[in-house]
Amino acid sequence: MKLEPLVNYYECLAEQGKVSREGWCQAKVSYAINLSEEGKITGILSLKGEDEKKRISIPQMITVPEMVTRSSGVSANFLCDNAKYMLGIDADGTNPRTQECFQAAKERHLSLLWGVEGPMARAICRYFEEWNPLEANSHPEIQENWEELTAGGNLIFSMGMNYAQEDSAIREAWENARSVAGKTEEGICLVTGKRSEIARIHKSIKGVPGAQSSGAALISFNAPAFESYGKEQSYNAPVGKYAEFAYTTALNYLLSQREYVFQLGDSMILFWAEGGEEAYQDAFFQAVVSRADNQEELKEIFGHLKNQEPIFIQGISLNPQQRFYILGLAPNAARLSVRFFYESSFGNILENLSRHYERMELVRPVWETREYLGVRDMLFETVNPKSKDKSPVPNMAAMVLRSILQGAPYPERLYADTLIRIRAEQGNVTWGRAAIVKAYLIQNRKWEKGAAYMEVNTEEMESKAYVLGRLFSVLEAIQREANPTINATIRDRYFNSACATPASVFPVLVKLKNSHMKKLEREKGWAKPYYEQLLTEILGKLGTEFPRRLSLEDQGKFILGYYQQTQRKYKKQEEK
């Protein structure tokens with residue numbers, strides 16, 4: 001993937017004041033250690049807010065000096081860290097490891113703040129010089145908040161209502177320290193094309209389900225086998241420090257905006273417009289994650305698109321030429337793998353989504369309120385509804401989305417998995433599964449006239465498989481009409497064989513139908529002539545012999561014919 005769009009997106013966010021500038025970051029902070037001018041702890045202030053939806057306390061997002069990337073070693077942050085570093089304690093008290101963490105924090109703060117004028121800087125220096133972690137358990141403020149402080153949340157320093165990271169003298173000291181920090185190797189940045197310091201280690205990306213909670217790296221080299229020409233760490237993929245900060249900040253911001261990301265299989269899907277306008281993200285999210293409550297909005301968006309009229313979201317007219325980016329990230333141990341990266345104009349992406357939904361158009365059950373089946377719901381049709389893990393096959397979900405966005409053929413696996421699920425459930429052809437079959441046949445098998453198959457096509461004669469599907473549905477309807485209380489029909493026993501090898505099954509079913517017709521004649525005189533007329537019309541299109549075998553493509557047409565004929569029966573019942 002290209003990192004340049006993410007760097008540009010960061011610059012748009014920075015202009016809007018939504019992200020911190022270089023050298024700073026947004027961190028979740030739970031408590032503030034309130035200090036006196038002498039460096040004594042005078043109180044522990046809770047900075048947690050209330051989540052109105054979940055009704056729980058959550059940490060506050062605060063801008064702090066850029067935090068280090070930690071794995072297993074000891075490395076202290078400046079002004080913001082957990083209780084091990086700030087107080088030298090953990091849930092079990094004080095041990096050699098926590099003392100080592102506190103000592104690292106002490107050395108870092110004293111080296112950065114030594115000689116800095118101002119009461120806040122002097123108070124922090126005196127605190128680290130005088131605080132003894134071994135006596136923490138006897139301090140009343142620490143003892144009162146022990147469990148909360150050692151729960152793992154971040155702490156900062158304050159004096160009254162003033163935070164240490166907001167102190168002008170301390171901020172200046174931090175900026176000076178960054179500018180004179182140890183120089184790293186220089187080279188040509190692959191993102192900006194300019195000569196600059198190359199980032200040796202890239203900041204972690206947080207928020208991808210399945211990855212480490214502490215974050216995972218997008219660019220990382222951890223073994224000699226991955227390195228070349230004697231270059232270690234991320235020098236193998238030279239990215240300047242500014243570009244590294246920009247793209248990681250942009251990714252972390254996108255993942256924090258939960259209303260504009262969604263999970264698809266094992267992948268987290270992120271998307272953004274080049275200019276940073278959220279209206280484009282809102283429109284794309286609605287178009288892909290179709291829900292029962294946004295059908296009217298979708299119909300309006302695609303209606304305006306079809307009529308070449310302006311599309312308004314959040315009072316903004318969307319520009320069809322706006323560059324738009326979609327990124328799929330999946331966990332891969334301590335790293336992230338890029339499932340796909342797609343870039344195109346927003347108008348082109350909406351056009352391809354609209355065509356996909358047109359291919360999926362099909363008569364729906366009377367109880368179905370959705371007109372558009374979202375991509376996630378479509379993929380759920382390939383999963384066993386009784387399984388604990390209802391995730392589609394890894395990587396296949398991302399491939400399906402990419403195919404839709406590009407207007408390319410669907411993955412063969414999508415069609416195969418749909419047929420497998422129908423067979424596994426003895427012919428349970430849902431609206432979603434039938435729609436997938438129809439869309440696949442149109443897009444991948446160039447079955448162009450299938451686009452007109454919204455409802456059952458009684459004039460179809462060329463495709464015997466489609467007509468056989470209709471016939472199977474009618475035979476099942478006759479059986480149900482004759483035995484209304486029956487639990488298992490011919491579908492449960494014969495569907496898979498009828499769909500794959502019609503010649504071995506249909507003669508048996510047609511013969512079985514005769515006994516059902518006799519019962520209908522005795523109990524429901526009106527039904528026999530209706531079904532006889534319907535059977536005559538269908539059998540007249542099949543000729544004298546049933547096909548011995550049906551190809552996978554023809555099996556899809558069989559399923560479509562069966563589904564549409566069944567829905568027509570339900571529609572007739574509704575009309576009655």
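The values are calculated or read from the model by the stated rules, or taken from the named source; none is laboratory data. Note that the coordinates shown come from a computational prediction; the quantities given were computed from them, not determined experimentally. Reconstructed Cβ throughout: ideal geometry from the backbone, glycine too, with neighbour counts over all protein chains shown. Side chains are part of the model used for accessible areas, which takes the heavy atoms of the whole protein and leaves out ligands, DNA and RNA. Shrake-Rupley method; radii C 1.70, N 1.55, O 1.52, S 1.80 Å.
Quick notes on this one:
- Candidates Ile404, Ile422, Ile442, filtered to the one that is modelled with pLDDT of 95 or more and in contact with a His (Cβ under 6 Å, 6 or more places away or on another chain): Ile404
- Long-range neighbours under 7 Å by Cβ, at least six apart or interchain, first residue open to solvent by less than 40 Å² (accessible area, probe 1.4 Å) within segment 303-332, second among the polar types (S, T, N, Q) and not in a strand (DSSP E or B): Leu305/Ser354
- Exclusive hit being open to solvent by less than 10 Å² (accessible area, probe 1.4 Å), farther than 24 Å from Asp389 by Cα and in a helix (DSSP H, G or I), set Tyr247, Tyr242, Tyr253, Tyr235: Tyr247
- Hey, Gln212 open to solvent by 80 Å² or more (accessible area, probe 1.4 Å), touching a Pro at 6+ places or on another chain (Cβ under 9 Å) and modelled with pLDDT under 90 or not: yes
- Residue count for segment 312-342, restricted to those that are within 26 Å of Leu373 (Cβ to Cβ) and touching a strand residue (DSSP E or B) at 6+ places or on another chain (Cβ under 7 Å): 12.
- Selection from segment 265-275 of residues that are modelled with pLDDT of 90 or more and either open to solvent by less than 20 Å² (accessible area, probe 1.4 Å) or closer than 18 Å to Leu401 by Cβ (or both): Ser267, Met268, Ile269, Leu270, Phe271, Trp272, Ala273
- Top-ranked residue of segment 409-434 - restricted to ones that are at negative phi and assigned to a loop (DSSP other than H, G, I, E, B), ranked as most open to solvent (accessible area, probe 1.4 Å): Pro409
- Index of the failed condition, Gly276 passing every other in (1) in contact with a strand residue (DSSP E or B) (Cβ under 9 Å, 6 or more places away or on another chain); (2) outside any strand (DSSP E or B): (1)
- The helices (runs of 4 or more DSSP H) found entirely in segment 489-576 that carry 1 or more residues being over 30 Å from Asp417 (Cβ atoms), open to solvent by less than 70 Å² (accessible area, probe 1.4 Å) and among the small types (Gly, Ala, Ser) are 506-523, 527-539.
- Against the list (1) touching a helix residue (DSSP H, G or I) at 6+ places or on another chain (Cβ under 8 Å); (2) not in a strand (DSSP E or B), the condition Cys25 fails is (2).
- Residues located in segment 19-38, provided they are surrounded by fewer than 17 Cβ atoms within 10 Å (Cβ to Cβ) and modelled with pLDDT of 90 or more: Lys28, Ser36, Glu37, Glu38
- Hey, Ile198 farther than 29 Å from Leu401 by Cα and either open to solvent by 50 Å² or more (accessible area, probe 1.4 Å) or of a type in the set (Phe, Trp, Tyr) (or both) or not: no
- Single residue of Glu476, Glu455, Glu459 found to be assigned to a helix (DSSP H, G or I) and of a type in the set (Asp, Glu): Glu476
- Test for Leu379: is it in a helix (DSSP H, G or I) and surrounded by 15 or more Cβ atoms within 10 Å (Cβ to Cβ): yes
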